[in-house]
1. Which one of the conditions (1) surrounded by 15 or more Cβ atoms within 10 Å (Cβ to Cβ); (2) in a loop (DSSP other than H, G, I, E, B); (3) among the polar types (S, T, N, Q) does S167 fail to meet, given that it meets all the rest?
2. Residues in the range 63-92 that are at pLDDT 90 or above and open to solvent by 60 Å² or more (accessible area, probe 1.4 Å): how many?
3. Condition first: part of a helix (DSSP H, G or I) and open to solvent by less than 30 Å² (accessible area, probe 1.4 Å). Now tell me which residues in the range 25-50 satisfy that.
4. In contact with a helix residue (DSSP H, G or I) (Cβ under 8 Å, 6 or more places away or on another chain) and either under 25 Å from G168 (Cβ atoms) or open to solvent by less than 40 Å² (accessible area, probe 1.4 Å) (or both): which single residue out of V248, V293 fits that description?
5. Of all residues in the range 93-122 being open to solvent by 40 Å² or more (accessible area, probe 1.4 Å), among the polar types (S, T, N, Q) and modelled with pLDDT of 80 or more, which is farthest from A243 (Cα to Cα)?
6. Assuming H133 fulfils every condition listed in (1) touching a helix residue (DSSP H, G or I) at 6+ places or on another chain (Cβ under 7 Å); (2) farther than 15 Å from A298 by Cα apart from one, which condition is it?
7. Within the range 256-274, identify whether any single residue is among the small types (G, A, S), exposed (fewer than 14 other Cβ atoms within 10 Å of the Cβ) and touching a residue at least 12 places away in the same chain (Cβ under 8 Å), and answer yes or no.
8. When you scan the range 157-164, do you find a residue that is open to solvent by 60 Å² or more (accessible area, probe 1.4 Å) and among the polar types (S, T, N, Q), even just one?
Amino acid sequence: MPRMHPGNANAPEPRSRQLRLDLLHTFEAAARHLSFTRAGEELFLSQSAVSRQVQQLEESVGAPLFERRHRALALTEAGRIMRRAVEDSLERLRDAAARVRSSTGRRQVTLTCTPGFASFWLIPRLARFTAGHPEVDVRIAATLDLVDLERGNVDLAVRFVPSTEGSGPLLFEEEVQPMCAPQLLRDRSRPLKTPRDLEQHTLLTVEMRDASLTVDWDPWLQLMGLASVHMAHTLRFTQYAEAVAAAVAGQGIVIGRLPLLADLVRQKKLVAPFRSPAASRRGYFVTLAPQAVHNPSARAFADWLVAEAEQADAHRAPARN
């Protein structure tokens, strides 16, 4: 009986050479952003996890897919070939999944928004939408990146943009003011009676690409005439939710964004030491993707967002008077 030659074309491919879908998905995000860190933020993975998965894919295909430059990435020729193939394959899979969902009666709505909006405003309310629309599956893509709705196969977005640049229904405009845990107000060694007292406290701020270190504080500091204020200490975070968690834990003072943090204020987890809110001149706008205009589930979700914002504003209005 003839023996099978090791190079037989019918031999199964070794598992180490097979392409895992999760690695392809991670590679697509890294190739689109040209950043392992930003890909990780989108996929809720650490930078090291993204780097490790890309290395595993490179081992599977037997070629480097990225050029690792100083604080930058670039696709190799093999990487460009893989990116085109992976994007096409993932698009086909998304289309197939959409057809399967429609054939089984399930509907899906995909929303992109900032992580802060998702964590503090949307998710606490989301159960009300799913209770009224049990046939709709909601997918939230929380990211600071501006997602292309058509290319990303996303139904709608809540854009946080300057008020003069917004399109679509306005959910609410933003006000900002310093906030901290109640125990900081009881610290007699470092009083918080005037804005200038901030210099004795730790500033909690969020790093943003190509922006000043206090970009989230700037509108309020300028209104108070404190553009040159020097804080005793600064803690920097990559996500707003992390800065807020540090404030709740009493580690410093965060710039509070209203109405995003309204629930934490009502629960007395955060307080405003100075009654001096400033308009950031930015707002949250609902944008419906062109391909979702005729999607009743997407329109229902957009209408629900507007209704929730109106209801929250009605409950908040008496407190302003």
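1. (1)
2. Residues that pass the stated criteria total 8.
3. Selection gives T26, F27, E28, A29, A30, A31, H33, F36, A39, G40, A49, V50.
4. Answer to the check: V293.
5. Filtering the range 93-122 for residues that are open to solvent by 40 Å² or more (accessible area, probe 1.4 Å), among the polar types (S, T, N, Q) and modelled with pLDDT of 80 or more, the one farthest from A243 (Cα to Cα) comes out as Q108.
6. (2)
7. No.
8. Yes, because at least one residue in the range 157-164 is open to solvent by 60 Å² or more (accessible area, probe 1.4 Å) and among the polar types (S, T, N, Q).
The values are calculated or read from the model by the stated rules, or taken from the named source; none is laboratory data. All of these numbers come straight from a predicted model, not from anything done at the bench. Cβ: placed from backbone, ideal geometry, glycine included. Neighbour counts: every protein chain shown. Each accessible area value is taken on the protein alone, full model and side chains, heavy atoms only, with ligands, DNA and RNA left out. Shrake-Rupley method; radii C 1.70, N 1.55, O 1.52, S 1.80 Å.
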